Amino acid sequence: MKIVICIKQVPDTSEIKIDPVTNTLIREGVPSIINPYDLHAIEAGLQIKETKGGKVTVITMGPPQAEEALREAISMGVDEAYLISDRAFAGSDTWATSYTLSKAINKLGYDIVICGKQAIDGDTAQVGPEIAEFLDIPHISYVKKIEEIEDSFIRVQRLMDDGYDVVESTIPVLLTVVKELNIPRLPSLRGKMAAKKASIPRLTKDDLDVKEENIGLKGSPTKVKNIFAPQFKGERKILQGDLEEQVNELIQILKDLKCQ
Amino acid sequence: MPIIIKIEKCTGCGQCTDSCPYSAIEIKKEKAFITEFCNDCRLCLSICPEGAIAEVAYRNEPPLLKDEYRGVLIFAEQRRGQVASVSLELLGVGRKLANDLGVELSAALFGSSEKEAKELIKWGADRVYHVNDPSLDSFNDEPYSQILYELITRYKPEIVLAGATAIGRSFIPRVAGRLKTGLTADCTSLEIDKETRNLLQIRPAFGGNIMATIVCPEHRPQMATVRPRVMKRNIYDPKREGEIITIPIQNIKSRTRVLFSINDSSESFVNLQDAEVIVSGGRGLGNPEGFNMLRQLAQLLGGTVGASRAAVDEGWIPYRHQVGQTGKTVCPKIYIACGISGAVQHLVGMQSSDIIIAINKNPEAPIFNVSTYGIVGDLYEVIPLLIKKLKEAKQ
Ligand SMILES: Cc1cc2nc3c(=O)[nH]c(=O)nc-3n(C[C@H](O)[C@H](O)[C@H](O)COP(=O)(O)OP(=O)(O)OC[C@H]3O[C@@H](n4cnc5c(N)ncnc54)[C@H](O)[C@@H]3O)c2cc1C
Ligand SMILES: Nc1ncnc2c1ncn2[C@@H]1O[C@H](COP(=O)(O)O)[C@@H](O)[C@H]1O
């Protein structure tokens with residue numbers, strides 16, 4: 001089984017603050033992490049290898065420093081990692097990202113491709129299904145359990161808004177995974193050593209069979225027009241008087257709203 | 001279009017580096033330099049005092065055939081035969097967009113029944129494409145993507161909207177991929193730029209910390225998934241007329257197969273999204289027992305209980321009650337926030353509620369900025385008294 005896992009390095013959005021004056025993101029001191037859902041993708045890949053044998057490859061498309069994320073994946077036990085990085089890939093939206101990743105995956109060869117459900121910086125959840133489209137393979141989203149896996153067939157549980165579905169697919173297939181699927185392992189000591197030593201090949205646009213007009217900013221149908229701080233409107237009527245009076249007023253309000 | 005620095009004009013003052021939300025501008029040898037983080041947001045264009053930052057056109061841009069595309073199409077999701085509420089919300093916003101553009105609003109319904117197709121018209125559609133094959137009653141990515149793709153290439157709408165639900169977010173990306181067009185995920189607001197007819201797609205990014213307006217200027221259709229419970233439905237008009245076009249299917253291949261669909265709404269899903277009244281608790285409750293008090297209040301008001309992430313993280317209440325960016329988006333008639341500070345990530349999930357009542361002991365808490373009515377006070381004094389008086393009134 002050849003398993004390719006797509007991971008993304010993201011800023012830890014729980015640490016992000018907004019500069020209230022300029023309305024821009026304060027990135028300073030914000031740590032970069034592997035997208036949390038992608039840790040579950042790595043774990044899923046490792047578990048499939050442990051039962052079925054094979055090889056686990058991780059890839060990421062990003063700036064040179066995204067190599068750190070790949071080393072972290074190696075420390076968890078994956079076999080090899082590739083960095084897809086080129087100035088020409090900059091500014092890719094989900095369409096161009098998926099296009100480029102699919103070209104890399106094709107080059108590396110695969111039976112199963114695994115992505116996280118979504119990346120926490122953009123929260124789009126689009127890259128996985130779009131990669132599957134470009135590879136012309138089926139995909140199953142939000143996999144929460146792998147029930148059975150054979151050489152040419154897989155059966156999983158897919159999380160839905162009102163429950164879950166049991167879905168079968170032929171292999172090759174692309175899966176996007178949710179947190180319920182597994183608990184990602186921690187790096188082992190041996191893994192950490194391997195991560196230090198590993199050489200991480202870099203794939204640029206010349207290494208991939210990509211069309212110039214489909215990559216980077218130019219290949220991206222969507223553009224960010226502007227960004228702004230979220231705005232909220234409220235009437236902000238603070239009830240006055242002592243506790244008793246406030247509660248009475250509130251009850252009157254609820255009455256008027258026919259809620260009582 | 002790409003952003004460039006005109007080196008001869010740049011003084012290296014660094015104002016652009018401070019303003020760039022993506023930290024994509026560096027000063028090297030006293031000149032600004034744009035790195036690969038650039039996202040083309042164009043913020044720096046207005047910042048540079050020297051006018052040294054400019055936008056340049058691409059060479060050999062493809063010709064546009066945008067005028068071939070007209071109309072707004074929504075994907076009317078159904079579950080277990082019944083049109084999902086998000087579809088009605090899409091008809092609400094779709095009607096507004098279609099009116100702004102002066103075009104028709106159509107809906108695509110896969111599976112389900114003629115009766116549901118008629119409902120879509122009463123909720124605002126001019127036309128329904130009903131692909132009424134029973135094999136489409138349950139959701140399967142492969143046939144759904146293929147059929148929607150074919151409908152779009154045949155009828156050429158300029159805008160396609162779907163719900164940002166498990167279903168929409170799974171198969172719509174495939175359709176956009178195949179069409180080579182842009183797709184914006186999980187939009188919370190949609191508007192038309194009248195000058196260009198472009199769809200302005202507004203959505204939260206970076207965990208709700210910031211909002212972005214996304215456009216898809218050079219490709220058609222413009223596609224977006226829309227967050228449930230944010231858009232308003234139209235008023236139901238039982239007399240409204242429209243056209244239903246029944247479309248047969250042929251040659252559908254699928255490499256995936258859905259064996260069962262398990263509905264476990266009873267055990268692990270609370271009906272937050274359909275509640276008319278929600279009483280939510282945050283870290284200010286101080287302990288899990290506080291939720292018992294909120295349950296009592298919710299019961300008296302005929303509502304249900306929600307929570308902030310802080311309360312969920314404390315383990316006081318299960319995740320399924322969480323409201324906000326990483327929880328549910330809700331839009332009840334009345335939302336009562338008790339001991340919730342009002343972080344943006346919470347606000348994006350409840351700000352469109354009709355009436356927001358906040359109870360918080362800190363008068364500076366940002367929750368008051370979105371509230372219709374606020375009580376500054378200790379919730380352990382306010383709520384027991386409220387419960388007592390509500391009970392008295394009931395008797
Ligand atoms: C990527 C990301 C996603 C997130 N997603 C969500 C999400 O989906 N939903 C969400 O809610 N949060 C989310 N958060 C977290 C959010 O930023 C806040 O941390 C969280 O909402 C705070 O919860 P809180 O208001 O209950 O707690 P706090 O901010 O601690 O506020 C407690 C409030 O209670 C008041 N209080 C205390 N005691 C009393 C009393 N006795 N009587 C009255 N008032 C009292 C205090 O004055 C204070 O205002 C997310 C954060 C990130 C980074
Ligand atoms: N630049 C990237 N490099 C590698 N994988 C990515 C990249 N962007 C997204 N992915 C994968 O696609 C998933 C969904 O991302 P998104 O569509 O951006 O929310 C992530 O969890 C990753 O598995």
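The values are calculated or read from the model by the stated rules, or taken from the named source; none is laboratory data. Small disclaimer: the values here were computed from a predicted structure and weren't measured. Virtual Cβ from ideal backbone geometry, glycine too; neighbours counted across all protein chains shown.
Mind checking which residues of the stretch B:199-217 are in contact with a helix residue (DSSP H, G or I) (Cβ under 8 Å, 6 or more places away or on another chain) and either of a type in the set (A, V, I, L, M) or at pLDDT 90 or above (or both)? Listed by number, the list holds a single entry, B:L199.
Looking at A:M160, A:M193, just one residue is aliphatic (A, V, I, L, M), more than 22 Å from A:C6 (Cα to Cα) and either buried (at least 18 other Cβ atoms within 10 Å of the Cβ) or touching a Pro at 6+ places or on another chain (Cβ under 9 Å) (or both), and that residue is A:M160. Residues of the stretch B:323-347 that are within 20 Å of the chain's Cα centre (by Cα) and of a type in the set (S, T, Y): B:T326, B:T329, B:Y335. Taking the stretch B:165-254 and the strands (runs of 3 or more DSSP E) fully enclosed by it, the elements with 1 or more residues that are free of Cβ contacts under 8 Å to residues at least 60 places away in the same chain and either surrounded by 22 or more Cβ atoms within 10 Å (Cβ to Cβ) or within 12 Å of chain A (Cβ to nearest Cβ) (or both) are at B:183-187, B:189-193, B:198-205, B:210-215.
With respect to (1) surrounded by 21 or more Cβ atoms within 10 Å (Cβ to Cβ); (2) farther than 26 Å from A:P138 by Cα; (3) of a type in the set (D, E, K, R), the lone exception for B:K118 is condition (1).
Within the stretch A:86-110, being within 14 Å of chain B (Cβ to nearest Cβ), more than 10 Å from ligand 2 (Cβ to nearest atom) and hydroxyl-bearing (S, T, Y) holds for A:Y99, A:S102.
Mind counting the residues in the stretch B:121-164 that are assigned to a loop (DSSP other than H, G, I, E, B), acidic (D, E) and touching a Pro at 6+ places or on another chain (Cβ under 9 Å)? Break it down stepwise before answering.
Within the stretch B:121-164, the first condition is being assigned to a loop (DSSP other than H, G, I, E, B), and the residues that meet it are B:123-126, B:132-133, B:137-140, B:156-158, B:164.
In the following step, the residues that additionally are acidic (D, E) were identified as B:126, B:133, B:137, B:158.
Then keep just the ones that are touching a Pro at 6+ places or on another chain (Cβ under 9 Å); that gives B:133, B:158.
Going through the stretch B:121-164 one residue at a time, the tally reaches 2.
Pairing each residue of the stretch A:210-224 that is outside any loop (DSSP other than H, G, I, E, B) with any residue that is of a type in the set (K, R), provided the two are 6+ apart or on different chains, yields C-beta distances under 8 Å for A:E212/A:K205; A:E212/A:K218.
Which helices (runs of 4 or more DSSP H) does the stretch B:1-103 wholly contain that include 2 or more residues that are in the same structural domain as B:I167 (by TED's automatic domain parsing)? Spell out how you get there, then give the answer.
Numbers: elements: B:15-19, B:43-47, B:85-101.
Passing ranges, in order: B:85-101.
Taking the criterion of being among the charged types (D, E, K, R) and out of contact with any helix residue (DSSP H, G or I) (no Cβ under 6 Å at 6 or more places or on another chain), the residues of the stretch A:140-178 that qualify are A:K145, A:E147, A:E148, A:E150, A:D151, A:R155, A:R158, A:D165, A:E168.
Can you name every one of the strands (runs of 3 or more DSSP E) wholly within the stretch B:298-395 that holds 2 or more residues which are surrounded by 20 or more Cβ atoms within 10 Å (Cβ to Cβ) and small (G, A, S)?
Values: elements: B:304-307, B:334-338, B:355-360, B:373-376.
Counting at least 2 such residues, we get B:304-307.
Could you go through the stretch B:362-376 and let me know if any residue there is in contact (Cβ under 8 Å) with a residue 40 or more places away in the chain and of a type outside the set (A, V, I, L, M). No, the conditions are met nowhere in the stretch B:362-376.
Of all residues in the stretch B:352-391, how many are acidic (D, E) and more than 10 Å from every other protein chain (Cβ to nearest Cβ)?
Step one: list which residues in the stretch B:352-391 are acidic (D, E), which gives B:354, B:364, B:378, B:381.
Cutting the leftovers down to more than 10 Å from every other protein chain (Cβ to nearest Cβ) gives us B:364.
Going through the stretch B:352-391 one residue at a time, the tally reaches 1.
Which one is farthest from the other protein chains (Cβ to nearest Cβ), of the residues in the stretch A:242-259 that are assigned to a loop (DSSP other than H, G, I, E, B) and under 23 Å from B:V370 (Cβ atoms)? Here the residue is A:K258. Tell me yes or no: at least one residue of the stretch A:101-110 is outside any helix (DSSP H, G or I), among the aliphatic types (A, V, I, L, M) and modelled with pLDDT of 95 or more. No - not one qualifying residue is present in the stretch A:101-110. Going residue by residue through the stretch A:74-81, is there one that turns out to be in contact (Cβ under 8 Å) with a residue 40 or more places away in the chain, touching a Gly at 6+ places or on another chain (Cβ under 8 Å) and polar (S, T, N, Q)? Yes. Restricting the first member to the stretch B:287-303 and to residues that are among the charged types (D, E, K, R), and the second to residues that are outside any loop (DSSP other than H, G, I, E, B), the beta-carbon pairs closer than 9 Å and six or more apart or on different chains are B:R295/B:V279; B:R295/B:T304; B:R295/B:V305. One residue alone among A:T176, A:T170 is in contact (Cβ under 8 Å) with a residue 40 or more places away in the chain and either surrounded by 14 or more Cβ atoms within 10 Å (Cβ to Cβ) or closer than 25 Å to A:G122 by Cα (or both), and that residue is A:T176.
Close contacts from the stretch B:22-51, counting a first residue that is among the charged types (D, E, K, R) and a second that is part of a helix (DSSP H, G or I), with Cβ to Cβ under 7 Å and a gap of 6+ residues or different chains, come to B:E26/B:T17; B:E36/A:R87.
Could you say whether any residue in the stretch A:76-83 is within 12 Å of ligand 2 (Cβ to nearest atom) and surrounded by fewer than 24 Cβ atoms within 10 Å (Cβ to Cβ)? Full working, then the answer.
The first filter runs over the stretch A:76-83 and keeps only residues within 12 Å of ligand 2 (Cβ to nearest atom), leaving A:81-83.
So of that shortlist, the ones also surrounded by fewer than 24 Cβ atoms within 10 Å (Cβ to Cβ) come out as A:82-83.
Yes - at least one qualifying residue is present in the stretch A:76-83.
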